[in-house]
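Q: I have a structure here, written as structure tokens, and I will follow up with some questions on it.
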Amino acid sequence: MGSGWRTSDSHVSLPTTREENYFGKLPNEEPSAKRYAEVFLRDKKTGDVIVSAWQLGASGLAAIWARENTREAIFDALARKEVYGTSGTRLTVRVFGGWDFQPDEVLRPDFAAQGYARGVPMGGDLENAPAGAAPTFMIRSLRDPDGANLDRVQVIKGWFDGRETHERIYDVACSDGRAIVDRRCEREVGSTVDVADASYTNSIGDALLMAHWQDPDFDPKHRAFYYMRVIEIPTPRWTAYDAKRFGVEMPEEVTMTVQDRAYTSPIWYTP
Amino acid sequence: MKTKTDVLMCIVVAVVALSVPVVAPAQDAGTLDKDQVVEQPKPYSPYVDQHFPQRVLFGDMHHHTSLSVDSGLIGNTNGPEVSFRLARGEEVVSNTGQRVQLVRPLDFLVVTDHAEYLGIAKLLNEADPTLLATDIGKQWYAQMQGSQEDAWAAVVDMQQDFVSGEPKFDNPQVKRSVWDDVVDIASKYNQPGTFTALNGYEWSTISSGKDGSGPAGANLHRCVIFRDGPERVKQILPFSAFDSGDPEKLWEFLASYEEKTGGRVLAIPHNGNISNGQMYAEAIKGEAMTKDYAERRARWEPLMEVTQEKGDGEAHPLLSPEDEFADFETWDFGDSFGNPKEDWMLQYEYARSTLKNGIRLEDKR
């Protein structure tokens, strides 16, 4: 089974997925001073509120790697799983898995040609591991030109050792020159969010992150999958924009910042 | 026509991959006559023989308009045309009279209104005579004209019909006319190369109902996405929860569509997080999943919707306690009726745990 695309499920005929331009899911959740408190789901017996409108996410988008913008090209990309999903941002992420990618190749502007020639893109399968080899990945991510800088790129690995399944997260590119220590960026990226002003700046994070990564824990006998997660720097959530624009004070439990992100379809390894 | 272009391109790629020289047919098939080899000059432009994807297209593949009863009966009067106009970059007016525009156009949009009672809300809005000639049509119309609570009560009643699988209004001519309209609107906004409007709809079963597999409330919805244009998709009517609440029956329908039309179609499940452990379950109707079932699901549902407004579906903090980013827009209260969540359900709802379960099951076969 694949993964890696995102949609809005908007029910107001308005596919708005950005925090500062969110028009809600249902008509009563279009922008207003009181929409955050609208009841989305109530317990039929007790009348208790189960979900409030502020818990809706301003998201999301499907991103499709294609040659042309047509029904056929989009559908074919879905069928081969060369797609990823985002929580509403239009950041770009590209990944190739193969057996012999070299560390400096991802720095080449035309790295995709080698990626396709000697490996597979997101949604693809790796098989026939050469003796002694471990999967190598080339990953490049570029921020949304009208959005937030990137915090980090992560590889999420899952595998089955014959008895049980496991998962492990590897940070593979960290912004702001941070080193990777014990599989994680050495410190958090920080935040420039001014919640009261519903603003942030791109003075932290990076616009472009690139990584070459080789699985250090690879066992050719074990089935595995690898997908990429790209995390943006913190930005104001739609609730913060509402608070500012309508001059309302949100209750304590309302989330006011968000780190938007992208998830790619996995690359699978089969022994 | 487009299909032909794609096939041709594939052949070119295959030839180039074999060798740079283009080989003319030898007289003795199977023997390469070197004298017959014609050397093609290597093109100066690096891109003429490059056929892999070089652009990312952004869009929304799960989107509702006034044609869905849970939208059109409670105040949304904007139909698919408004959605397409906004998506391609125009300013439109929302239901509350607010001007709205995107930061820049999307590349594509799939309008996926609920197949169940598709278009009924719009017809009620227009006081459609065929609908108002029925008792239930009159009742819905009165509820819609009443208070917000009355209108919402009509939606809740209709959703009960999604649960029972028994529609209270079922008119083949109306269904045909609505679906043809949906397809025609997509055709109108589909501009190959500039903006794509794919054909699609949503199959909206909530687990129980006709052939249903579990307690009412578990969201098992799928968005159905077609590769094709009107000449193919107008040959069918959307398969809905009124036809069956069993995903396997949906896959049979998808197969019959491809068989009948020569087209292509797939289905994308969404919101496993409100399925209470059913969306990616390993037990199918009480039995262990068979290889055949797994292969059919992978065939018809190669993707999952990983995240959306009603919660993120990548990972859950309880399943991934060492993942500091897992608790993102988490919705884990229960199913779509509010039946509470239990911890065992989580691994059958999220992308990461489902991928893990998937490779474990694959290893067993």
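The values are calculated or read from the model by the stated rules, or taken from the named source; none is laboratory data. The structure displayed is predicted, hence computed values, not measured ones. Every residue, glycine as well, gets a Cβ built from its backbone with ideal geometry; the counts of neighbours run over all protein chains shown. We work out accessible area using only protein heavy atoms, side chains counted, and drop any ligands, DNA or RNA first. Shrake-Rupley method; radii C 1.70, N 1.55, O 1.52, S 1.80 Å.
Q: Six or more apart or on different chains, Cβ under 8 Å: which pairs go from a residue in the range A:32-49 that's over 25 Å from B:Ala216 (Cα atoms) and more than 9 Å from chain B (Cβ to nearest Cβ) to one that's open to solvent by less than 40 Å² (accessible area, probe 1.4 Å) and outside any helix (DSSP H, G or I)? Could you list them?
A: A:Ala33/A:Val248; A:Lys34/A:Val248; A:Arg35/A:Gly24; A:Tyr36/A:Ser52; A:Tyr36/A:Val248; A:Tyr36/A:Met250; A:Tyr36/A:Val254; A:Ala37/A:Ser52
Q: Go through (1) in a loop (DSSP other than H, G, I, E, B); (2) within 14 Å of another protein chain (Cβ to nearest Cβ); (3) among the small types (Gly, Ala, Ser) for B:Ser83 and report which single condition fails.
A: For B:Ser83, the exception is condition (1).
Q: Residue by residue through the range A:153-167, note down the ones that are more than 9 Å from chain B (Cβ to nearest Cβ) and more than 9 Å from A:Tyr226 (Cα to Cα).
A: A:Val153, A:Asp161, A:Arg163
Q: Can you tell me which residue among B:Phe169, B:Phe162 is at pLDDT 95 or above and under 30 Å from B:Tyr189 (Cβ atoms)?
A: Going through B:Phe169, B:Phe162 in turn, the sole match is B:Phe169.
Q: Take the range B:40-80 and flag every residue that is within 9 Å of chain A (Cβ to nearest Cβ), in a loop (DSSP other than H, G, I, E, B), open to solvent by 10 Å² or more (accessible area, probe 1.4 Å) and aliphatic (A, V, I, L, M).
A: Across the range B:40-80, the qualifying residue is only B:Ile74.
Q: Have a look at A:Arg90, A:Arg94, A:Arg140 and point out the one that is part of a loop (DSSP other than H, G, I, E, B), in contact with a strand residue (DSSP E or B) (Cβ under 9 Å, 6 or more places away or on another chain) and either among the basic types (Lys, Arg) or more than 9 Å from every other protein chain (Cβ to nearest Cβ) (or both).
A: Only one candidate qualifies: A:Arg90.
Q: Which one of these is over 28 Å from B:Arg299 (Cα atoms) and either open to solvent by 20 Å² or more (accessible area, probe 1.4 Å) or in contact with a His (Cβ under 8 Å, 6 or more places away or on another chain) (or both): A:Asp125, A:Asp146, A:Asp151?
A: Values: A:Asp125 fails: over 28 Å from B:Arg299 (Cα atoms); A:Asp151 fails: either open to solvent by 20 Å² or more (accessible area, probe 1.4 Å) or in contact with a His (Cβ under 8 Å, 6 or more places away or on another chain) (or both).
After applying the criteria, what remains is A:Asp146.
Q: Being closer than 24 Å to B:Gly277 by Cβ, surrounded by 22 or more Cβ atoms within 10 Å (Cβ to Cβ) and within 14 Å of chain A (Cβ to nearest Cβ) is the filter here, so list the residues in the range B:206-237 that pass it.
A: B:Ile206, B:Asn219, B:His221, B:Arg222, B:Cys223, B:Val224
Q: Something else now. Filter the range B:208-243 down to the residues that are aliphatic (A, V, I, L, M) and either under 26 Å from B:Asp180 (Cβ atoms) or at pLDDT below 85 (or both) and list them by number.
A: Correct list: B:Ala216, B:Val224, B:Ile225, B:Val233, B:Ile236, B:Leu237, B:Ala241.
Q: Within the group B:Ala298, B:Ala281, which residue is closer than 15 Å to B:Thr354 by Cα and assigned to a loop (DSSP other than H, G, I, E, B)?
A: Numbers: B:Ala298 fails: assigned to a loop (DSSP other than H, G, I, E, B).
Of B:Ala298, B:Ala281, the one residue that is closer than 15 Å to B:Thr354 by Cα and assigned to a loop (DSSP other than H, G, I, E, B) is B:Ala281.
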